[in-house]
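Nothing in this text is a laboratory measurement; each read-out follows from the coordinates by a stated rule. Because the structure is a prediction, the values reported are computed rather than measured. As a convention, Cβ positions derive from the backbone with ideal geometry for all residues, glycine included, and neighbour counts pool all protein chains shown.
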Amino acid sequence: MIDYDSNVDYEKYNLSDTQKFTIMVKAFPKLFESEKIFATKIFVSHSSVNNWVRHETRKIKATAKSEICNIFGLVYSVWDDSFASEEDFEKELLNYKKIQKKKNLIERHIMKPIENQQPLFLFEQAKKYKEQKEIQKALKLLEQIEYDDSSFKYKHHNEIAHLKAILLSDDSIQDWDEAIHILRNLYFSANYHLEEPEIITLIASNYKRKALYHPKTKTYKERKDVDMDLIASALILYHEAYEEKDSQAKYYDALNYAYLYNISESIESKEISHERIKTLYDDFSKQWRVDECNWWEVISQAEFSMLLGDTNRAISTINYFLETHTVTPSQMSATLRQLELYIHFTQDQNAIQFHQYLKESWSHIEKIQEIQ
């Protein structure tokens, strides 16, 4: 990799996406197999891969690049770094291989009883405030814990930092950069992410927010202003979290991946293909047993139906739940926000229809509750 020199014109050293792709194919021929097979694996046309191999185009869209990284086992930064020649890139390529994550076989350390119960009380209260959406109050309690020189904050440093990152990511705070900073430290802190795969999910979520929202506001960016490299990194991380979690927890990351994948496709290709999402859904739904009493699992199943173009099934699924179970305002609000974000960037007619149904249903429920 070349060292930075202010007198050098680096533009001439920037290999195109397709130049890098042909070197990847050369380095991993068994994973590539053939143009036709590879095109099917990454959900693009055979002609697209053909054009890449022949350097008839220079750029590869972000969703395709993230899929290529998944197949070749590379980190996404392989696309961003500059090299003086294809030979230099080929020499460095193996350094971009993902570190193989192996589960730690050592049992988790059992904590001794803490001397002072007060920080534990504050920490538990902060978690309750988080559930109640009292985010500022929760952050103030964490600040108290961090200020006091107690053994609790050292013994439970990772758990405290984890909760703080969640709070900073909240829509009412939106301190995404600080949250990402904390989460990156946690990822490399004694393999904490192996115990808490949610760390990877949270980093992906904050990348998504930075890419799609204007900072310190609740307004969406225009399509032309979206940071597609951040989107691609978020897709990689959602996919990684999806692979690490057990079958019952996979649905959350799969759904976030599906939403973001479609947004990226809509921005870069101006159209949405259901093929990638269907493959993903077929993969994890074989083992996913939906808890029909859990709003998040039922609505996720309905949203997948909507994303796959079967809006009638999505409405039927959620209609049964609304008739037999209770939904809280915060649950419905979060669901509607997710749909509104998606609709803003895709104008997906299935999503518009499903969103309208949910709004009307919730309005009807609220009127009945007022009468009662």
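Structure above, values below:
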{"read-out": "Sum of -39500 (n - 2.57) over DSSP H runs of 4+, divided by residues of the chain (222 nm, nearest 500)", "value": "-20000 deg cm²/dmol"}
{"read-out": "Neighbourhood charge, 11 Å Cβ-Cβ cut-off, centred on LEU339 and excluding it, Lys, Arg +1 and Asp, Glu -1", "value": "-1"}
{"read-out": "Loop chymotrypsin sites (Phe, Trp or Tyr not before Pro), the stretch 288-372, which have at most 15 other Cβ atoms in a 10 Å radius of their Cβ (DSSP)", "value": "none"}
{"read-out": "Trypsin sites (Lys or Arg not before Pro) restricted to DSSP loop in the stretch 282-349 with at most 15 other C-beta within 10 Å", "value": "LYS286, ARG289"}
{"read-out": "Point-to-point label distance, ASP149-ASP80, nm (Cα→Cβ direction, 7 Å offset)", "value": "3.9 nm"}
{"read-out": "Full-stretch length increase - ASP291, HIS344 - with 0.36 nm per residue and alpha-carbon distance subtracted", "value": "16.1 nm"}
{"read-out": "Long-range amide H partners of TYR213 with built H, under 5 Å", "value": "LYS221"}
{"read-out": "Integer Hz, Karplus 6.51/-1.76/1.60 couplings in order for the stretch 228-245, x for Gly and Pro", "value": "6, 5, 5, 4, 4, 5, 4, 4, 4, 6, 4, 5, 5, 4, 4, 6, 7, 7"}
{"read-out": "The chain - percent relative contact order, Cα under 8 Å, separation 6 or more", "value": "11 percent"}
{"read-out": "Peptides ranked, highest mean first, by Cβ atoms within 10 Å: ranges 218-230, 37-49", "value": "37-49, 218-230"}
{"read-out": "Total formal charge among the other residues, if their Cβ is under 12 angstrom from that of VAL49, Lys/Arg +1 and Asp/Glu -1", "value": "-1"}
{"read-out": "Ranked packing of 143-156, 204-217, most packed first, by mean Cβ within 10 Å", "value": "204-217, 143-156"}
{"read-out": "29 Å Cα-Cα threshold exceeded, pairs from LYS127/LYS218; LYS97/LYS221; LYS59/LYS164; LYS155/LYS245", "value": "LYS97/LYS221; LYS59/LYS164"}
{"read-out": "Separation in nanometres of the label points that stand 7 Å from Cα toward Cβ, at ASN185 and ILE371", "value": "5.5 nm"}
{"read-out": "Nearest-20 debye value, the chain charge dipole, Cβ charges on Lys, Arg, Asp, Glu", "value": "380 debye"}
{"read-out": "Most to least packed among 257-263, 130-136 [average Cβ atoms within 10 Å]", "value": "257-263, 130-136"}
{"read-out": "For LEU74, residues with placed amide H under 5 Å, excluding near neighbours", "value": "LYS98"}
{"read-out": "Residue-count net charge about LEU358 - beta-carbon cut-off 11 Å; Lys, Arg +1, Asp, Glu -1", "value": "-2"}
{"read-out": "From the C-alpha gyration tensor of the chain, square roots of 5λ in Å", "value": "37, 30, 19"}
